[in-house]
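Note sheet for the following structure.
The values are calculated or read from the model by the stated rules, or taken from the named source; none is laboratory data. Please read all numbers here as calculations on a predicted model, not as lab measurements. Quick reminder, even Gly has a Cβ in these numbers, built from the backbone with ideal geometry, and neighbours come from all protein chains shown. When the accessible area is computed, the model is the full protein with side chains, heavy atoms only, and any ligands, DNA or RNA have been set aside. Shrake-Rupley method; radii C 1.70, N 1.55, O 1.52, S 1.80 Å.
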Amino acid sequence: MLEKTFNPKSVEPRLYAKWEASGAFAPKDDPGAQPYSIVIPPPNVTGSLHIGHALNNTLQDVLVRFQRMRGRAALWLPGTDHAGIATQMMVERQLAESGNMGRRDLGREAFVERVWEWKAKSGGTIVRQLRRLGASCDWSRERFTLDEGLSAAVRKVFVTLYKQGLIYRDKRLVNWQPELQTAVSDLEVVNLEVTGQMWRFRYPIDGEPDRFIVVATTRPETMLGDTAVAVHPADERYKDLVGKQVRLPLVGRLIPIIADDYADPEKGTGAVKITPAHDFNDFRVGQRHGLEAINVFTPDARLNENAPEKYRGLDRFVARKKIVEDLEALGLFEGVDANRMTVPYDEKSKLVVIEPYLTDQWWVDAKTLAQPAIRAVEEGKTVFEPKSWERTYFDWMRNIEPWCVSRQLWWGHRIPAWYGPDGAIFVEETEAAALAAARAHYGRSETLTQDEDVLDTWFSSGLWPFSTLGWPEQTRDLERFYPTWDLVTSFDIIFFWVARMMMLGIHFMGEVPFRRVVINALIRDEQGQKMSKTKGNVVDPLDLIDEYGADALRFTMAAMSGQARDIRLSRERIEGYRNFGTKLWNAARFCQMNSCERVEGFDPATVRHVQNRWIRGELLKTSRAVTAALEAAACDEAAGALFRFVWNVFCDWHLELAKPLLVGDPAVAAETRATTAWVLDQILRLLHPIMPFMTEELWEKTAEAGPPRDSMLITAPWPDPPDSYADAAAEAEMTLVIAAIREGRSVRAELNVPPSARPPLIVTEAGERQRRILTQNAEAIRQMLRVEGLRFDGEASGAVPYVAEGASFALPVADFIDLAAERARLTKEVAALASDIDRTAKKLANPDFVARAPEEVVEENRERLSGAQEAKARLDAALERLGAVS
């Protein structure tokens, strides 16, 4: 017998252990089964489960469970990313806390060993947490981006690309993290808006005493590396100066005044200093004009030997202050203004300002690799859902820049490049191969030194769809599961991960890495604010699982996943879906208590009673809708269809309407019990991908009566009822009965008719067929509408009329309510709603409000207007009904 309530805290760990022990998470070893594979977006090994993971992994699990039940060989391959910068920062911080020791004090080998120790002890927390969510990954295939197999793949890819001329070494600008002294990717940079300062300085025109050109800058410390001043070609103020030179203050170097479209006549003074070694835009200007790039910083952002001696060794911000003071003393200070601007910070700490820095790095020719990846999406070999995200992909890929893949770290894939004594580079998969190449090059053995740098984390994760399946070995998994079927990820890493997997997958495998990219939204709080620790609005999914159970959280994630960019999460919504689970649990208990048990050999095609034929048809429609939605990865549509069917159709109508049948004619009662048990079984199957724990528990408990189950629910067949289960006649009959009850309930609610009141329901106009249907269902109507009984063509004085499916009804309520008071109440409420509608509509019609108000405030007002209009329409209809009372 089912417990009174579902207890997720005891059920979830028990069922998860049972699934895992059974081998259900592994793809079936059936050569005839069509493969279906997803590779998990590997979370950082340092990470813990956050609400974005909960959304993304719920959607993946829904798709995998669905395909597993459809009989496909479904593989969800899990793993974690070594997360170079994040992991190294964490271990360095621990070293500092334990004894003020830095990684350089330990040395590379000992430090890397310490990181592996940390990984063995503390890494993988998120993997354990994913189990709590119900993730049905095949943990026997779990991978780590620094596994030996994946490392071999990384080395092979690097060496191959180098020998194809697609990886090269070059001096270019990078985002530089001066505290860690490494290049970082754009994803590891966050641009924060701050109020800074814009200084204006006079640069003397060479050969023209007392003539200056005024430049504006937010970074005075970089002026020591200036190699030009740029003005716009059409700026009349400076036309006579183009081609002349200025003498760079404090340095004395002569630099040219050049004409370039980059200079904005409307911004600052219209003249901009050009520092190719310390600004990305300036670097491009420098390339166009053949300017020298002079780096004035050390790797830790101090002034180097290229700066005048008095500034050398100063921290960049100390130097800034000193340079401004010195220019002021020279009379070259024009002024300073407050300036709203964005400053790039290290994404991890948000404390260290990122510096554009000129340095030798390893680069990938991304433009060449991007062309086949662009064509693959253009030709539909890989599709995006929603399709609108393809434009984002194309915008990035068609304007792609060289990809810096080297990082000045110790934790990661060390670059397989060795240097000879004369600087010659030998790129090979092993040191032995490099030594052999050097021997052939020099004609003798030489000592080689391996490159100190490691590869960008995104380089190894770009190989994830095929390296995790065993490449470069030609494994059975690789043959069977590549290309993968779906990739589920968030839109903010389309550039950084999706694009790179497409480029590298096509280049090395000759096929796209996945057929479909399902883009999920970002989760915000209920006010639409981005979640952050500083705002105190971060929601911990494990807390939500503890409070509401994993199924409630999963259903919430699925139901809200269709929102385009942002999901507003609230506890009330999760609580609502927990209530949905409670509704299903109580429905199952009702079935148990009324002996609605599975019957051996029951065939739904043979049912005869109209209600059983109707619920069978409704189940068919729902099954078709859920299947189509999940095939399209529209988890929100699947969740919506299931919610409506379980709550509104099965529980609210079928079970309630079945009550008289269960105590009536024995043959009808038996058929209704068997039909109800069959429908409940189909519900559990359809709902399992979204709510696996409760459905599996009900599947197990309902097996205590009736024939034994063939399997656990996780591997049970997906419902595929035949079209013949549809029954238009039964649907038409039940639609009339339900409409008569529903509209009658609306009348009672709108007019505040007390629940204890039992007026008769009068059928004032109905066709012969309708009369027959209503007569056959009179007892159900009496009970569910709480009326005395059903009468045809009776006296209808003091009655409120309503129409349902073309039949006319009247509900005599004058003896139970004060008609005048109800008219007054409704009139007052309608007036209040009209006023609210007018006020909100005016606000939304104001372009200034729509443009300036936060997006969530505008949306809230739109929802308010829609709700008020719907409420007013209902009350207007109620007033009209009251007006018809005779």
Item to check | Range of Cα positions in region 429-472 per principal axis (Å), largest first | outcome: 41, 22, 12
Next on the checklist: Just want to confirm a number: the relative contact order over the chain, from Cα pairs under 8 angstrom separated by 6+ residues, in percent.
Outcome noted: 12 percent
Next on the checklist: Can you give me the long-range amide H partners of Phe212? Hydrogens built in the peptide plane at 1.01 Å from N, cutoff under 5 Å, separation of 5 or more residues or another chain.
Outcome noted: Ile205
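Can you check what the Kirkwood hydrodynamic radius comes to for region 538-598, Cα pairs only, in Å to one decimal? Provide the component values of the computation, followed by the final result.
Working: mean 1/r = 0.0769 Å⁻¹.
Mean inverse Cα-Cα distance, inverted, gives 13.0 Å.
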Next on the checklist: What whole-number volume per residue, in cubic angstrom, does the convex hull of the C-alpha atoms of region 522-646 give?
Outcome noted: 138 Å³
Checklist outcome for this item: Here the FRET efficiency for Asn339 versus Ala845, based on Cβ atoms and R0 = 35 Å and rounded to 0.05, is 0.45
Checklist entry - Residues with amide H under 5 Å of Ile523's amide H, sequence separation 5 or more or different chain, H placed in the peptide plane at 1.01 Å from N; which? => result Ile567
Next on the checklist: Taking every DSSP beta bridge with both residues inside region 751-816, roughly what % is antiparallel (nearest 5)?
Outcome noted: 75 percent
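Tell me the net charge near Ala703. Cut-off is 12 Å between Cβ atoms, Ala703 excluded, with +1 for each Lys or Arg and -1 for each Asp or Glu. If you can, show how the numbers build up before the last one.
Working: positive: Arg598, Lys701, Arg709; negative: Glu597, Asp681, Glu696, Glu697, Glu700, Glu704, Asp710.
For residues surrounding Ala703, the net value is -4.
In terms of the ratio Rg/(2.2 N^0.38 Å) built on C-alpha atoms, what value belongs to region 625-784?
Values: Rg = 18.7 Å, N = 160, 2.2 N^0.38 = 15.1 Å.
So region 625-784 has a normalised radius of gyration of 1.24.
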Checklist outcome for this item: Using alpha carbon centers only, region 408-487 is separated from region 128-161 by a whole-angstrom value of 17 Å
Checklist entry - Can you give the Kirkwood hydrodynamic radius of the chain from its Cα pairs, in Å with one decimal? => result 32.8 Å
Checklist outcome for this item: Largest-first ranking of Phe602, Phe693 by accessible area, probe 1.4 Å, whole protein assembly kept, is Phe602, Phe693
Checklist entry - In whole angstrom, how far apart do the alpha carbon centroids of region 671-718 and region 316-373 sit? => result 61 Å
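Translational D (Stokes-Einstein, µm²/s) of region 697-764 at 10 °C and 1.306 mPa s when Rh comes from the Kirkwood sum over C-alpha pairs?
Numbers: Rh = 16.9 Å.
Estimated diffusion coefficient is 94 µm²/s.
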Item to check | Net +/- balance of residues flanking Tyr203 in space, Cβ distance below 12 Å, scoring K and R +1, D and E -1 | outcome: +3
Item to check | Loop-located GluC sites (Glu not before Pro) in region 583-681 whose Cβ has at most 13 other Cβ within 10 Å (DSSP) | outcome: Glu600
Item to check | Cysteines in the chain that, by Cβ-Cβ distance, have no pairing candidate under 4.7 Å | outcome: Cys137, Cys404, Cys635, Cys651
Item to check | Per-residue ³J(HN,Hα) for region 671-684, Karplus 6.51 cos²θ - 1.76 cosθ + 1.60, θ = phi - 60°, Hz, x for Gly and Pro | outcome: 5, 5, 4, 5, 5, 5, 5, 5, 5, 4, 4, 5, 4, 4
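Find how much the distance from Asp603 to Asp365 grows on full extension, using 0.36 nm per residue of separation minus their present alpha carbon separation; answer in nm with one decimal.
Between Asp603 and Asp365, full extension yields an extra 79.4 nm.
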Checklist entry - Taking a 1.4 Å probe, which of Lys267, Lys872 shows the most accessible area, and what order do the others take after it? => result Lys267, Lys872
Checklist outcome for this item: When the charge dipole of the chain is computed with +1 at the Cβ of Lys and Arg and -1 at the Cβ of Asp and Glu, the Cα pointing farthest to the positive end, of Phe792, Val858, Trp585, is that of Phe792
Checklist entry - For the chain, what is the mean residue ellipticity at 222 nm derived from helices alone (per DSSP H run of n ≥ 4: -39500 (n - 2.57); sum divided by total residues; nearest 500 deg cm²/dmol)? => result -14000 deg cm²/dmol
Checklist entry - When all alpha-carbon pairs of region 56-147 are counted, what percent fall beyond 18 Å? => result 55 percent
Checklist entry - With every protein chain in place, what's the accessible area of Asp551 (1.4 Å probe, Å², nearest 10)? => result 10 Å²
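Restricting to the chain, what percent of DSSP beta bridges are antiparallel, rounded to 5?
70 percent
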Item to check | Surface accessible to a 1.4 Å probe, Glu236 within the full protein complex, Å² | outcome: 140 Å²
Checklist entry - Taking the simple approach of a point 7 Å from Cα along Cα-to-Cβ for both Gln776 and Lys18, what is their distance in nm? => result 4.1 nm
Next on the checklist: With every protein chain kept in place and ligands, DNA and RNA left out, what is the accessible area per residue of the chain? Probe 1.4 Å, answer in Å².
Outcome noted: 43 Å²
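Ignoring ligands, DNA and RNA, what percent of the 1.4 Å accessible area of the chain is carbon and sulfur? Walk me through the intermediate numbers first.
Working: 18680 of 38350 Å².
The nonpolar share, carbon plus sulfur, comes to 49 percent.
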Checklist entry - Relative to the compact globular guide of 2.2 N^0.38 Å, what is the alpha carbon radius of gyration of region 312-385, as a ratio? => result 1.99
Checklist entry - If you rank His232, His441 by how much accessible surface each has, with a 1.4 Å probe, what is the order from largest down? => result His441, His232
Checklist entry - Cα extents of region 342-423 along the three principal axes, largest first, in whole Å? => result 49, 37, 23
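Run the numbers on region 466-595 and let me know its relative contact order in percent, using alpha-carbon pairs under 8 Å that are six or more apart. All intermediate terms of the calculation are to be shown ahead of the outcome.
Values: 126 pairs, mean separation 26.8, N = 130.
After rounding, I find 21 percent.
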Checklist outcome for this item: Taking N as the number of residues in region 215-277, the ratio of its alpha carbon radius of gyration to 2.2 N^0.38 Å works out to 1.04
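Using the Cβ atoms and a cut-off under 13 Å, what net charge is assigned to the surroundings of Val377, where Lys and Arg are +1 and Asp and Glu are -1?
On the way: positive: Arg375, Lys381, Lys387, Arg391, Arg398, Arg515, Arg516; negative: Glu378, Glu379, Glu385, Glu390, Asp395.
With Lys, Arg at +1 and Asp, Glu at -1, the neighbours total +2.
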Checklist outcome for this item: Counting sequence-distant residues (5 or more places) and residues on other chains, those with an amide H built under 5 Å from that of Thr182 are Gln177
Item to check | Computed lengthening from Ser746 to Arg444, 0.36 nm per intervening residue step minus Cα-Cα distance | outcome: 99.2 nm
Checklist entry - What accessible surface, in Å², does a 1.4 Å probe find on Leu330, ignoring ligands, DNA and RNA and rounding to the nearest 10? => result 110 Å²
Item to check | Size descriptor, Kirkwood hydrodynamic radius, that averages inverse alpha-carbon separations across region 1-78, Å | outcome: 14.6 Å
